[in-house]
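Single-structure report; data block below.
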Amino acid sequence: MLWPLTTVRDATGRLTIGGIALADLADEFGTPLYVYHDETIRNQCALYREAFQTAYPGARVAYAGKAYLSSELLAIIADEGLGLDVVSAGELMMAYRSGFPLERVVLHGNNKTPEELRLALELGVGEIIVDNFYELDLLDELTRELGRSVDVLLRVNPNIDVHTHDYRKTAIVDSKFGLLIEPGFARQAVERILEIPGLRLRGYHAHIGSQIFEIEPFLTSISTLFAFAADMYERYDVKPAQISPGGGFGIQYQKSDPEVELGTFAAQVSDAMRKGAEEYDLAPPQLTIEPGRTIVGQAGVALYRVGAIKDIPGVRRYVSVDGGMADNIRPALYGAKYEAEIANRDSVERATVTIAGKFCESGDVLVRDVALVPPEPGDLVAIPAAGAYCLAMASNYNLALKPAVVMISGGSARLIQRRETYDDLLAREVGTVARSTN
Ligand code: LLP
């Protein structure tokens, strides 16, 4: 599904979520505005929890916070019983300061800094997913110095190509992530982990990419992890307590995109886990999965106000909005395609237009050739499936202020992240700031 649950047009044609008109939110909080729907997020959490725990008892679901993080979202994730995958000290600090249970946090990253690893050890994260030998040297030093120990998984590169944008492939040979099984890098890392007294090797992780609709590559990844785990058992007598095939399941951005049926996916992944354990005569390890996009993607809508409209006869009609690539880089970065609707009114009339952002790049186009109620300046454009990797990758390009974020919950809306201010923009200046703003 493209839109948050309960999204409908009201009697006057305005788009509403949980009974709240997006147009009213735009008037109250300004635009660009990101609107999330609590019940849609919780519904996704519950679907994952139930599908995986039914198919494979004891399975853990860790939300990949890189898709979008805020303290209010973390409260939902914690309440729904999910864990959290963080990939930087910044994300870890957000989790810590928001009171997220740190034993449910796992730390990822292909170049964790000494400071990040130290913070993770000091705060007591549940697990560190080790990516490389440099990191192992750092962990050796730091665990000794701090007198701490920690559970680790090794990130293996299972060498699997997937159908997604090249920038979203993470497990081909030519990848910066994880360690290849051939020619023995992953095995050498296991040897090294076993030498470090402060590390407890819990098992193996792979993440093959993102926005993937096929189930097969995940199953191949699991069987590759099991073959590797069995080899490590034979060589070093170390049994895998955990196997993690990562995240990366696709969502619908357009109606033409497929919808992955979670129950089927969970059942097939679980079967592959059981098969792997049986084949190598291992006790079934715990399963961890790390969905990001599928937890928050559908729950978020981006809301923009229409400004300048330019007709280039016979070519196209540019409808410019007050946001763009600074709050959603995905169309410019991956050629990502979105749908859109006029949110403040409806009509049977439609015009094919191109929605452009306001930033100084020709590539700042949010949606090309979309059939909309013919937009006028002042109308509101709503883009669905904007909950993941939009705000998370937002920038201050052209010194844009990052948008405000509103959460609709139980039929009412509240601000969960205020819009950036000019003071925020200037807060890091160490030079003279002659005039106070806001
Ligand atoms: N686990 C690991 C180790 C990851 O690297 C990622 C995503 C995930 C889990 C969650 O993947 P998801 O379920 O959200 O697909 N910016 C890109 C996506 C980059 C994903 C990076 N890693 C986009 O906008 O499509």
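The values are calculated or read from the model by the stated rules, or taken from the named source; none is laboratory data. Remember, predicted model here, so these are calculated numbers, not experimental data. Every residue, glycine as well, gets a Cβ built from its backbone with ideal geometry; the counts of neighbours run over all protein chains shown. Areas reflect the complete protein model, heavy atoms only, side chains present, ligands, DNA and RNA absent. Shrake-Rupley method; radii C 1.70, N 1.55, O 1.52, S 1.80 Å.
Residue by residue, here is whether (1) modelled with pLDDT under 95; (2) closer than 16 Å to Leu262 by Cβ; (3) surrounded by fewer than 21 Cβ atoms within 10 Å (Cβ to Cβ) holds:
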| position | (1), (2), (3) |
| --- | --- |
| Ala21 | no, no, yes |
| Glu28 | no, no, yes |
| His37 | no, no, no |
| Gln44 | no, yes, no |
| Tyr63 | no, yes, no |
| Ala67 | no, no, no |
Check: How about region 227-248: which of its residues are closer than 20 Å to Asp161 by Cβ and in a helix (DSSP H, G or I)?
Finding: Ala227, Phe228
Margin query: Filter region 40-64 down to the residues that are over 18 Å from the mean Cα position of the chain (by Cα), away from the ligand (no atom under 16 Å from the Cβ) and part of a helix (DSSP H, G or I) and list them by number.
Written below: Glu50, Gln53, Thr54, Ala55
Check: Which residue pairs have Cβ atoms under 7 Å apart, sit 6 or more places apart or on different chains, and have a first residue in region 243-260 that is assigned by TED's automatic domain parsing to the domain that holds Ser221 and closer than 13 Å to Glu214 by Cβ and a second that is open to solvent by 20 Å² or more (accessible area, probe 1.4 Å) and away from the ligand (no atom under 14 Å from the Cβ)?
Finding: none
Check: Out of region 387-407, which residues are in contact (Cβ under 8 Å) with a residue 60 or more places away in the chain, part of a loop (DSSP other than H, G, I, E, B) and in contact with an Asp or Glu (Cβ under 9 Å, 6 or more places away or on another chain)?
Finding: Cys390, Ala394, Ser395, Asn396, Ala400, Lys402, Pro403
Next item on the list: Could you please let me know if Ser210 is within 14 Å of the ligand (Cβ to nearest atom) and touching a residue at least 60 places away in the same chain (Cβ under 8 Å)?
Entry: yes
Margin query: Going residue by residue through region 54-69, is there one that turns out to be in contact (Cβ under 8 Å) with a residue 40 or more places away in the chain and either of a type in the set (Lys, Arg) or farther than 30 Å from Pro285 by Cβ (or both)?
Written below: yes
Notebook entry, point to check: Looking at Leu138, Leu225, which is the one that is in the same structural domain as Val87 (by TED's automatic domain parsing) and in contact with a Leu (Cβ under 9 Å, 6 or more places away or on another chain)?
Noted result: Leu138
Check: Taking region 249-270, which residues are open to solvent by less than 10 Å² (accessible area, probe 1.4 Å), assigned to a helix (DSSP H, G or I) and either of a type in the set (Gly, Ala, Ser) or away from the ligand (no atom under 16 Å from the Cβ) (or both)?
Finding: Ala266, Ser270
Note to self: Take the residues in region 367-379 that are in contact with a strand residue (DSSP E or B) (Cβ under 6 Å, 6 or more places away or on another chain) and in contact (Cβ under 8 Å) with a residue 60 or more places away in the chain; name whichever of them is most open to solvent (accessible area, probe 1.4 Å).
What the structure shows: Pro377
Next item on the list: Being open to solvent by less than 30 Å² (accessible area, probe 1.4 Å) and out of contact with any helix residue (DSSP H, G or I) (no Cβ under 6 Å at 6 or more places or on another chain) is the filter; apply it to region 69-78 and report the residue that is farthest from the ligand (Cβ to nearest atom).
Entry: Ala78
